[in-house]
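Below is one structure, written out as structure tokens; comments come after it.
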Amino acid sequence: MDRFVSNFTLRLDAKGRVSIPASYRAVLARDGFAHTSARAIAHEAGTVNGSIFYYFGSMDDLLAATARTLAERGIARIRNGLGGDRAHVEWPSRLSAVVRAEAEGEDGRAVMELFVGARTSTALAAEVRTAIDRAIDYATIEMEAVLGASPITQLIPVRLIAELAAAAFLGIEVLAQNGREIDLDHLATTMAAAVQLLGGGIRDGSAVDPGH
């Protein structure tokens with residue numbers, strides 16, 4: 001009997017630790033950080049307020065867990081959207097669709113709200129910085145593959161180029177989420193041309209025609 005109760009409790013714990021951050025994400029995306037409360041999250045998750053503190057200890061810890069989950073999902077989603085292992089080749093033709101999906105998706109809206117919350121939560125701010133570092137690490141890997149031994153890398157560190165690329169991606173997402181009309185297809189074509197120019201042109205299929 002004790003084993004049954006223990007296993008049942010573990011299943012509840014696992015479910016709560018997944019469902020509550022998911023509910024937090026949904027409330028953040030829908031209502032914004034300023035209007036997100038323990039009560040609203042619990043209602044979305046179909047549970048009681050105390051569950052949040054049982055599973056996560058505090059709202060700050062829940063914020064950090066939600067940010068961590070969103071970062072892991074986001075990097076994996078963007079990587080897959082850009083072409084996975086062939087992202088360094090296929091990204092020009094995929095970039096506009098990825099940016100559009102991130103700007104319009106629930107996760108993307110929730111991430112923007114977490115940036116707002118990071119200004120007043122130390123735990124969340126630390127998690128957001130970690131997430132940004134991970135995103136830049138990924139961008140650096142892709143930029144190294146795209147630029148290869150281009151002379152530009154002798155003048156500008158690849159990581160700096162990756163930081164600029166990540167900042168541009170985030171900025172475009174912010175503008176799109178706030179109603180700015182952006183021709184993402186044209187933007188992707190322009191960015192691809194710029195990167196190819198930095199890399200010394202198309203080398204051995206290292207880039208594709210953004211228009212195809």
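FYI, it's all coordinate maths here, none of it is from the lab. From a predicted model like this one, the values you see are computed outputs, not experimental measurements. Every residue, glycine among them, receives a Cβ derived from its backbone with ideal geometry; neighbour counts consider all protein chains shown.
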| Normalised contact order of region 60-212, rounded percent, pairs of Cα under 8 Å and 6 or more residues apart | 34
| Karplus 3J(HN,Hα) series, Hz, for region 49-57 with 6.51 cos²θ - 1.76 cosθ + 1.60 (x for Gly, Pro) | 3, x, 4, 4, 6, 5, 7, 10, x
| message | Let me check the size of region 48-175 from its C-alpha atoms; what are the radius of gyration and Dmax in Å? | response | 16.5, 59
| query | Between Ala167 and Glu72, 0.36 nm times their residue separation minus their Cα-Cα distance comes to what? | reply | 32.4 nm
| task | Work out, step by step, the length gained on full extension between Glu144 and Ile156: first 0.36 nm times the residue separation, then minus their alpha carbon distance; give nm to one decimal. | result | 3.1 nm
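Sorted by packing (mean other beta-carbon atoms within 10 Å per residue), highest first, where do 138-147, 33-42 land? Kindly include the intermediate steps, with their values, before the conclusion.
Numbers: 138-147: 19.7, 33-42: 16.4.
Descending packing order for the listed peptides: 138-147, 33-42.
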| request: List, in order, the whole-Hz ³J(HN,Hα) value for each residue of region 141-151 obtained from phi through the Karplus relation with A = 6.51, B = -1.76, C = 1.60 and θ = phi - 60°; use x for Gly and Pro. | output: 4, 5, 5, 4, 6, 6, 7, x, 9, 4, x
| said: What are the ³J(HN,Hα) couplings of region 155-164, residue after residue, when phi is run through the Karplus curve with 6.51, -1.76, 1.60 and θ = phi - 60°? Round to Hz, x for glycine and proline. | reply: 9, 10, x, 4, 5, 5, 4, 5, 5, 5
| field | Cubic angstrom per residue, convex hull over Cα atoms of region 12-122 | value | 106
